[in-house]
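Participant: Before I ask anything, let me first share the structure, which is written out below as structure tokens.
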Amino acid sequence: MTDGWTLTAEHLPDAFESVQAFIPTQYPFPRVREGYIVDDENGEPLFWFIPGLREKYPVYDFIVAWKPFSNPPEWKL
């Protein structure tokens, strides 16, 4: 994919790493949400958790792509 997006079928983020998750089925609502992978005690991915929706999603079904958040700009306050 482009612009830093990674297909979930190709690679998943590390467990509990907060990323932008693309959920195409959310249309007409926002399709990009904050989310993270929850894994089991063996390090195998169990599901995506989307805090804003309070929903769990299967690892490879509903969320088709993800990308890390960018770093905020340096502000001189």
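The values are calculated or read from the model by the stated rules, or taken from the named source; none is laboratory data. The model shown is predicted, which means the values in this text are computed figures rather than measured ones. Quick reminder, even Gly has a Cβ in these numbers, built from the backbone with ideal geometry, and neighbours come from all protein chains shown.
Participant: Filter the range 1-40 down to the residues that are of a type in the set (Phe, Trp, Tyr) and at negative phi, then identify the one that is nearest to the chain's Cα centre (by Cα).
Facilitator: 36
Participant: Quick check on my filter: what residues within the range 45-77 are free of Cβ contacts under 8 Å to residues at least 60 places away in the same chain and within 16 Å of residue 5 (Cβ to Cβ)?
Facilitator: 48, 60, 62, 63, 64, 69, 70
Participant: Ok, one more. Return yes or no: is residue 62 closer than 12 Å to residue 23 by Cβ and of a type in the set (Phe, Trp, Tyr)?
Facilitator: Yes.
Participant: So which residues in the range 46-59 are assigned to a strand (DSSP E or B) and touching a Phe, Trp or Tyr at 6+ places or on another chain (Cβ under 9 Å), if there are any at all?
Facilitator: 47, 48, 49, 50, 55, 56, 57
Participant: Give the range 9-44 a look and list any residue that's touching a residue at least 24 places away in the same chain (Cβ under 8 Å), within 12 Å of residue 57 (Cβ to Cβ) and in a strand (DSSP E or B), or say none.
Facilitator: Those that are touching a residue at least 24 places away in the same chain (Cβ under 8 Å), within 12 Å of residue 57 (Cβ to Cβ) and in a strand (DSSP E or B): 21, 22, 35, 37.
Participant: Just for the range 2-56: of the residues that are farther than 17 Å from residue 69 by Cβ and of a type in the set (Phe, Trp, Tyr), which one is modelled with the highest pLDDT?
Facilitator: 47
Participant: Now for a separate question. From the list 13, 45, exactly one residue is touching a Pro at 6+ places or on another chain (Cβ under 8 Å) and surrounded by 12 or more Cβ atoms within 10 Å (Cβ to Cβ). Which is it?
Facilitator: 13
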